[in-house]
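What follows is a short report on a single structure.
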Amino acid sequence: MKVLLVGSGGREHAMAAALSKSPNLDQLLIAPGNAGTSEIGENVPVAIGDVPGLVALARERSVDLVVVGPEAPLADGLADELNRAGIPVFGPSAAAARIESSKSWAKRLMARHGIPTAGFATFQSIQESMSHIDTLSEGPVVVKADGLAAGKGVIIAQSRQEASDAVAEMIRGQIFGDAGSTVVIEECMEGPEVSVFAFVDGRTVSNEVAACDYKRAYDDDDGPNTGGMGAYTPPEFWTPKLAARIRAEVLEPIAVAMDEEGSPFTGILYAGLMLTESGPRVIEFNCRFGDPEAQVVLSRLETDLLDIALAAANGTLEQVDVQWNDQAGVCIVMASGGYPGSYETGKPISGLSDVSTSAMVFHAGTGQGDDGTVLTTGGRVLDVVASGSDIFEARTNAYAAAQSISFDGAEYRSDIASRAVESPAP
């Protein structure tokens, strides 16, 4: 089979590595890819936002399946255009991608179908937003941009004034562009967070897998939000009982709800959950793998990813037994100095060949110079991933590998998965 993978980050490098293990894969194209994916398949310089260009590429190269990594092209209708062209695609339609691209749509869907989530209200007016905020008790409140904001469109305000300021920045200040023209104001939930992933082909939901990620830039969850600075799997609190409850109360009901309302979901469903005292509640849904969670959970996937993706695209997922192994995985994101603010690029990366075979390095923001040198091209540069029989072993191997890699201004958190090592498994 000939497969086109859309994307250029560490998530897509990890997906490319997983797809390349399939005996059914004959050729892998990655658009646009990065320095790491070029070692697995053929990078093709078509941007992820160029929907007509991606469809044309799939046609010209007689692609059998398109696998879409990031959310933006899905929200822009890439899957719809590929389906119109008769090209199988692993990823949801634009209508189904609203589960991520419109938080207000997703919240109303959950409310209609009794899926547990935080109380909320949506607004397009600053004055109406502030009037609502004035009715809330003093304390933390969550303000979210309705649309896509690269994982950074959430502000946890510690007071009513901070919440009002956040609304003004989003609606009037347009700090997230059009994504913030509508805001969602939510109650602030408390408890551990967990990311849960399952493959879906409409109504069939595969066996799930869970991970925890780190969104803040610095140790001890300090600093601004980022696209993600690390992840680990499995969570120290994950049990079969919890998995069964999340499946019964969240994953299966949302798949049924979307199908019943005419937007069946195909692809990888990502539920971001808060484990509150009253049970699991949805923080948000996403229409793709998490980044960097994909890098750790794919290391646990025992089933052929190409078989899964093709079955989901064809509506035959029930015929595939998706299995995840019991190994632990830890991912450390190496970022450019200054990220998520301004940062410099074009820094040579050294030490990649020195990484032990006990770890893998996925490229997130890299390119190649004219002489073949691997250079930094983004904020999140490399994802260093290691597996082990437990979190301690995986974490030790991941940090040892990260310490062997260097580039000017490299930064990474030193506390990824530390809480899992300190907390005994249930």
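Quick rundown of the values:
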read-out	value
Number of the condition not met by ALA248 [criteria: (1) free of Cβ contacts under 8 Å to residues at least 60 places away in the same chain; (2) within 22 Å of VAL89 (Cα to Cα); (3) among the small types (Gly, Ala, Ser)]	(2)
Residues satisfying the stated conditions in the range 128-152, i.e. polar (S, T, N, Q) and either assigned by TED's automatic domain parsing to the domain that holds GLU284 or crowded, with 18+ Cβ neighbours inside 10 Å (or both)	SER129
Residue list for the range 149-181, restricted to those being closer than 16 Å to ALA121 by Cβ and in contact with a helix residue (DSSP H, G or I) (Cβ under 6 Å, 6 or more places away or on another chain)	ILE155, ALA157, ARG160, ALA163, SER164, VAL167, MET170, ILE171, GLY180
Hits in the range 148-175 - residues which are part of a loop (DSSP other than H, G, I, E, B) and modelled with pLDDT under 90	ALA149, ALA150, GLY151, LYS152, GLY153, ARG172, GLY173, GLN174, ILE175
Scope the range 197-239; condition part of a loop (DSSP other than H, G, I, E, B) and not hydroxyl-bearing (Ser, Thr, Tyr); matching residues	ARG203, ASN207, GLU208, PRO234, PRO235, GLU236, PHE237, TRP238
Which numbered condition ARG216 fails, given (1) more than 27 Å from SER93 (Cα to Cα); (2) in contact (Cβ under 8 Å) with a residue 40 or more places away in the chain; (3) basic (Lys, Arg)	(2)
From the options GLU128, GLU60, residue that is over 14 Å from VAL6 (Cα atoms), among the charged types (D, E, K, R) and modelled with pLDDT under 95	GLU128
Candidate set from the range 342-372 (those that are assigned to a loop (DSSP other than H, G, I, E, B) and at pLDDT below 95); member that is nearest to GLU393 (Cα to Cα)	SER358
Enumerated strands (runs of 3 or more DSSP E) restricted to the range 240-340, each holding at least 1 residues that are in the same structural domain as THR376 (by TED's automatic domain parsing) and of a type in the set (A, V, I, L, M, F, W, C)	328-335
Residue in the range 185-195 that is of a type outside the set (D, E, K, R), crowded, with 18+ Cβ neighbours inside 10 Å and over 30 Å from ALA243 (Cβ atoms) present	yes
Answer from GLU236, GLU186, GLU169 - the residue that is over 30 Å from VAL381 (Cβ atoms) and either over 21 Å from the mean Cα position of the chain (by Cα) or among the charged types (D, E, K, R) (or both)	GLU186
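The values are calculated or read from the model by the stated rules, or taken from the named source; none is laboratory data. Owing to the predicted nature of the structure, the values given are computational and were not obtained by experimental measurement. Backbone-built Cβ (ideal geometry, glycine too); neighbour counts: all protein chains shown.
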